[in-house]
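Some notes on the structure that comes next.
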Amino acid sequence: MKKVAILLAGGSGERFWPLSRTKKPKQLLPLNTDKPLIEESIERILTMILPQDTYVFTNQAILESLRDILKLLPKENIIPEPFKRNTAPALAYAASWILAKYGKEFKENEILVGVFTSDHRIEPIDGFRKTVEIAFDYVSKQPKIATIGIFPTRADTAFGYIEVESDEFTTDGNIFNVRCFREKPNYETAKQYLSSGNFYWNSGMFFWRLDTFLNEAKKHMAEIYPKIFTFRDLFLSSSSIDNIWDEIESNYKNFPDISIDYALMEKTENIVLIRSHFQWDDIGSWDALDRTKPHDENNNVAIGNNILIDTFNSIVVNDFSEKPFKVCIVGLNDIVVVVSNDALLVCHKSQVQKVKKCVEEMKKNPDDYIFI
């Protein structure tokens, strides 16, 4: 069996504005350690899968930045997408690449694909590897898709959930049949999910044999499925993606804008959940730094050149680097302050999910695109 890793790195991470921008999205930020999130992700994956079998699909705006950061991968393994069309088209596009790359040497049922996230906090690595090994072993023997589920530790409204069949699991308790996917809930619903014991956070990681994905795509992704072979033939026709870029663009622009959850995972009956053996965080908004960064004696996360007086339970990030710039906060609690070279964010910690609305407002004004 040939194991292949796919990372999708096209997201913008708008909830991390003003540090996250079009040319420096969330996955390029050091939000967990001093390394960009995607570099951490690649290092984890390379403990299991060879560099030459690990691929990153991304947008053109950050293509060269990723190639500079991800020195452990061949440059040609970081592949541009022409348009933003969400995760279902991106994974179909990735399947085309895999077919073209490995189709002559391996049969479709001999290629195992892991779809990994590029911007999450995951530790320890040993637990991550154990979970991935369980997933790969299962899908190698069964024509099913596997997803990793994270057992929730709090009633969080920022994550999607997966409900499982409580009475149907393997004897080791690691694999459950999936009942359904659930959208991000309100707080009361999230509390119900937490107390039931049958709900897991949706990690966004998936595993399949290539033939399984193609069969499921044929059943449930009728608008997308035929293009898999169109792109495969295009990739086979040229040794350089640059030579076929016009054809790639003309075909890709016709893809629907739809996530893999909506397009496939919520429809298929051939899906199981693998219980995670690691700690996980989506790091989806500024309040996640409360879970990933050290705190001072007043329970503040303070990064950069700051003075905090009589301030508690707050997050202050001063990333202003053009010249010395001091941020002083006096007598405030439960706030988020983020300073970049050209923008300032101030919000209550309970409102961090709304930061992306700032970006939405700026998109309405062409003069504001300099800040996006």
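Please treat every number below as a calculation from the coordinates, not as lab data. Everything quoted here is computed from the prediction, not taken from an experiment. Cβ atoms come from the backbone with ideal geometry, glycine included; neighbour counts cover every protein chain shown.
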Full-extension gain in nm, Gln351 to Lys363, via 0.36 nm per residue minus C-alpha separation:
2.3 nm
per DSSP, antiparallel bridges as share of beta bridges in segment 286-371, % nearest 5, sits at 30 percent
per DSSP, antiparallel bridges as share of beta bridges in the chain, % nearest 5, sits at 45 percent
At a 10 angstrom cut-off on C-beta neighbours, averaged per residue, how do the peptides 103-112, 76-85, 201-210, 34-43 rank from highest to lowest?
201-210, 34-43, 76-85, 103-112
Given R₀ = 25 Å, what would the calculated FRET efficiency be for Ser195 paired with Ala158, taking r from the Cβ atoms and rounding to 0.05?
0.85
Relative to the Cα centre, what is the charge dipole magnitude of segment 2-281, using +1 at the beta carbon of each Lys and Arg, -1 at the beta carbon of each Asp and Glu, and rounding to the nearest 20 debye?
200 debye
In this model, which of Lys35/Lys293; Lys3/Lys130; Lys107/Lys141; Lys101/Lys227; Lys24/Lys84; Lys191/Lys356 are farther than 18 Å apart at the alpha-carbon?
Lys191/Lys356
Work out how much length Glu249 to Asp126 would gain on full extension: take 0.36 nm times their residue separation and subtract the Cα-Cα distance, in nm to one decimal.
40.2 nm
Highest to lowest packing among 273-285, 358-370, scored as the average C-beta count within 10 Å:
273-285, 358-370
Provide the gained length on full extension for the span Met1 to Ser240, in nm with one decimal, where the gain is 0.36 nm per separating residue minus the Cα-Cα distance.
83.3 nm
Peptides 213-220, 301-308, 20-27: what's the order by average Cβ count within 10 Å, highest mean first?
20-27, 213-220, 301-308
How big is D for segment 286-371, in µm² s⁻¹ as a whole number, if Stokes-Einstein is applied with the Kirkwood radius of its Cα pairs at 20 °C and 1.002 mPa s?
156 µm²/s
Under a crude label model (7 Å from the Cα following the beta-carbon direction), how far is Lys107 from Ala222 in nanometres?
3.0 nm
Magnitude of the Cβ-charge dipole of segment 286-371, K/R +1 and D/E -1, about the Cα centre, nearest 20 debye?
200 debye
Dipole axis of the chain (+1 Lys, Arg; -1 Asp, Glu on Cβ), positive-most option in Met221, Phe176, Leu8
Met221
Cα centroid of segment 213-284 to Cα centroid of segment 292-318, whole Å
42 Å
Using a cut-off of 20 Å between alpha-carbon atoms, which aspartates and glutamates can reach Lys218, once sequence neighbours fewer than 8 places away in the same chain are excluded?
Glu108, Glu110, Asp233, Asp257, Asp261, Glu266, Glu269
